Amino acid sequence: MSNLKPFPKGFLWGGATAANQIEGGFDADGKGLSSADMVAYVPKAERGAHSASIEISSQELADILSGKKQARFPKREGIDFYHRYKEDIALFAEMGFKMLRISIHWARIFPNGYDEQPNEAGLAYYEEMFKEMHKHGIEPMVTLCHYETPLGLTEKYNGWLGREVVGHFLRYAETVFTRYKDLVKYWLTFNEINMITMHSPFTGGGVVIDRVPQAEQENAKYQALHHQFIASSLATKALHEIIPGGQMGCMLARLPHYAYTADPQDQRLAQWLNQQNLYFTDVHARGEYPKYMLRHWAENNVKIQKELSDDAILKQYPVDFISFSYYVSLTATTHDNAERVGGNLMGGVKNPYLQASDWGWQIDPIGLRITLNDMYDRYQIPLFIVENGLGAYDNVEADGNIHDDYRIAYHRAHIQQMQEAINDGVDLRGYLSWGPIDLVSMSTSEMSKRYGFIYVDIDDDGNGTKARSRKDSFFWYKKVIASNGADL
Ligand code: BGP
């Protein structure tokens, strides 16, 4: 028997989703279009190892909007959660979920982003959803902006590049805080805020980058991000004023880097890559830009425009907790003889000690323990894992069963390392598995990269009955939650 301390009482087990990957109903009940609705499907054969559809040019955008481009938009259909959320929440409840992370699709509330008045149908829709969760004893965690920005803000301001968007975001945040103040205590501002510098800023910020002269494009990403940091701080202030006891978190795609060798050059490279990843949480939690990033900007001619009060705003309203996604660890080297691993989004140097998923994402449960320790040492505030899981192809047997022991093994190994980290002293509050129900993949726009404990009958072309069924992992996770992590 293990002599580890068990998971704390009240540990928040559950799952995490994003509006644009599950809802569908892209124009239902007054919703406006958002950047996420513009993500068109590029078949695997055409895109090679790259992620699908995350770059968009101003020409493509115009072609899509004018109907000239006939593209398929899997994210517009999602898994029809918009109409089936009661059935799906009942399934989450059957697994014993304590918490469900969803995101509000901003354009349901303010269809153009800059509207004066909110869309009542959108507000009522999420109100019903939160009530449904509470009926089952499930606490909502709500992301205000998960990879979508109303298209009206792209047209008017080029998305988050425009300072005006801060004010529009704040009005949106205040509107939903006020409406849901008795229903939602846990909030996140921007999903994986760091990804804006890693892939198209259209995804993370509604910015069409070719509208910016090439020489200023790198700068533009940092400028858009600065606006998101300010918006996040002001939303944190508003949350505390509107919802007593409300908790605001930031959300980082944590991408820990190991050095490939003991060569100090490799060690330093890994350190710098980790700094580039953690600088986001440094700003959110410590309330200021770290010096190492200011040096990098100075050396690379990055100059962002700040208003006079910006530094004070960042300092005064840091987040209450830090949340992050964790899927992989990465390896860095200055030596060019290291073997590479091809992967969508997460390729790079192959770590000889790790296995990779079918998409080349290297699986590293111990890396999660290391990450939890590192982040808690650095910030000393509560942590939440709000995404973790294995994207895999599932096989439906003739009798309808899905034996996804690979998915169970992935979660089990990560949960064991979480328990180790808690025993190391880390204040970890919850574990939300990514995509507890199959959903449209962010990076491939396909259904076949599945994360769910619940199977959804839809294929990559959007065909299928949309019927839901329980995989083996469904019964396993139910047992884990019922035993508060003791029965793995
Ligand atoms: C994170 C995103 C999610 C999600 C997940 C899995 O980066 O926050 O939206 O989709 O990764 O990624 P993918 O769907 O590409 O496998």
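The values are calculated or read from the model by the stated rules, or taken from the named source; none is laboratory data. Just so we're clear, the structure is a prediction, and the values are computed from it rather than from any experiment. Positions of Cβ are generated from backbone atoms using ideal geometry, with glycine treated the same way; all protein chains shown enter the neighbour counts.
Structural remarks
- Screening ASN388 against (1) in contact with an Asp or Glu (Cβ under 9 Å, 6 or more places away or on another chain); (2) within 16 Å of the ligand (Cβ to nearest atom) leaves a single unmet condition, (1).
- Counted residues, segment 195-215 - those being hydrophobic (A, V, I, L, M, F, W, C) and assigned to a helix (DSSP H, G or I): 5
To keep it simple, each residue is scored yes or no on (1) small (Gly, Ala, Ser); (2) farther than 30 Å from SER58 by Cβ; (3) in a helix (DSSP H, G or I).
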position: ALA90; (1), (2), (3): yes, yes, yes
position: PRO111; (1), (2), (3): no, no, no
position: MET133; (1), (2), (3): no, yes, yes
position: MET141; (1), (2), (3): no, yes, no
position: TYR147; (1), (2), (3): no, no, no
position: LYS156; (1), (2), (3): no, no, yes
position: ARG171; (1), (2), (3): no, no, yes
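- The sole residue among GLY452, GLY435 that is touching a residue at least 60 places away in the same chain (Cβ under 8 Å), within 13 Å of the ligand (Cβ to nearest atom) and within 24 Å of the chain's Cα centre (by Cα) is GLY435.
- Count - residues of segment 403-435 that are buried (at least 17 other Cβ atoms within 10 Å of the Cβ) and either β-branched (Val, Ile, Thr) or outside any helix (DSSP H, G or I) (or both): 13
- Segment 123-175: number of residues that are at positive phi and crowded, with 21+ Cβ neighbours inside 10 Å: 3
- Residues of segment 431-454 that are modelled with pLDDT of 95 or more and acidic (Asp, Glu): ASP438 alone.
- Within segment 184-201, being within 15 Å of the ligand (Cβ to nearest atom) and among the aliphatic types (A, V, I, L, M) holds for LEU188, ILE193, MET195, ILE196, MET198.
- Lone unmet requirement of (1) part of a helix (DSSP H, G or I); (2) touching a Lys or Arg at 6+ places or on another chain (Cβ under 9 Å) for THR444: (1)
- Test result for ASN219, assigned to a helix (DSSP H, G or I), within 16 Å of the ligand (Cβ to nearest atom) and surrounded by fewer than 23 Cβ atoms within 10 Å (Cβ to Cβ): no
- Of the residues making up segment 398-421, one or more are without any contact (Cβ under 8 Å) to a residue 24 or more places away in the chain and farther than 30 Å from ALA486 by Cβ.
- Residue count for segment 177-194, restricted to those that are crowded, with 24+ Cβ neighbours inside 10 Å and part of a helix (DSSP H, G or I): 1
- Among residues of segment 13-22, those that are more than 13 Å from the ligand (Cβ to nearest atom) and either surrounded by fewer than 24 Cβ atoms within 10 Å (Cβ to Cβ) or outside any strand (DSSP E or B) (or both), counted: 1
- Among the conditions (1) crowded, with 22+ Cβ neighbours inside 10 Å; (2) under 18 Å from the mean Cα position of the chain (by Cα), GLU446 misses just one, which is (1).
- Pairs linking a residue in segment 75-101 that is under 14 Å from LEU12 (Cβ atoms) to a residue that is among the polar types (S, T, N, Q) and not in a helix (DSSP H, G or I), with Cβ atoms under 8 Å and 6 or more positions apart or on different chains, are LEU100/THR17; ARG101/THR17; ARG101/THR143.
- Once segment 455-488 is narrowed to residues that are closer than 30 Å to MET38 by Cβ, touching a residue at least 40 places away in the same chain (Cβ under 8 Å) and among the aliphatic types (A, V, I, L, M), the residue that is surrounded by the most Cβ atoms within 10 Å (Cβ to Cβ) is VAL456.
- When restricted to residues that are on the phi > 0 side of the Ramachandran plot and either modelled with pLDDT of 95 or more or more than 13 Å from the ligand (Cβ to nearest atom) (or both), segment 333-363 contains 1.
- Segment 364-385, residues that are away from the ligand (no atom under 16 Å from the Cβ), among the aliphatic types (A, V, I, L, M) and within 27 Å of LEU439 (Cβ to Cβ): LEU372, MET375, LEU383
Results for (1) at pLDDT 95 or above; (2) in contact with a helix residue (DSSP H, G or I) (Cβ under 9 Å, 6 or more places away or on another chain), shown as yes or no for each residue.
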residue	(1), (2)
ASP210	no, yes
GLN223	yes, yes
SER233	yes, yes
GLY249	yes, yes
TYR258	yes, yes
PRO264	yes, no
GLN267	yes, no
ALA270	yes, no
GLN276	yes, yes
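- Those residues of segment 255-273 which are part of a helix (DSSP H, G or I), in contact with a strand residue (DSSP E or B) (Cβ under 8 Å, 6 or more places away or on another chain) and touching a residue at least 40 places away in the same chain (Cβ under 8 Å), in sequence order: ASP266, LEU269, ALA270, LEU273
- Selection count, segment 295-324, where residues are among the hydroxyl-bearing types (Ser, Thr, Tyr) and either modelled with pLDDT under 95 or in contact with a Phe, Trp or Tyr (Cβ under 7 Å, 6 or more places away or on another chain) (or both): 1
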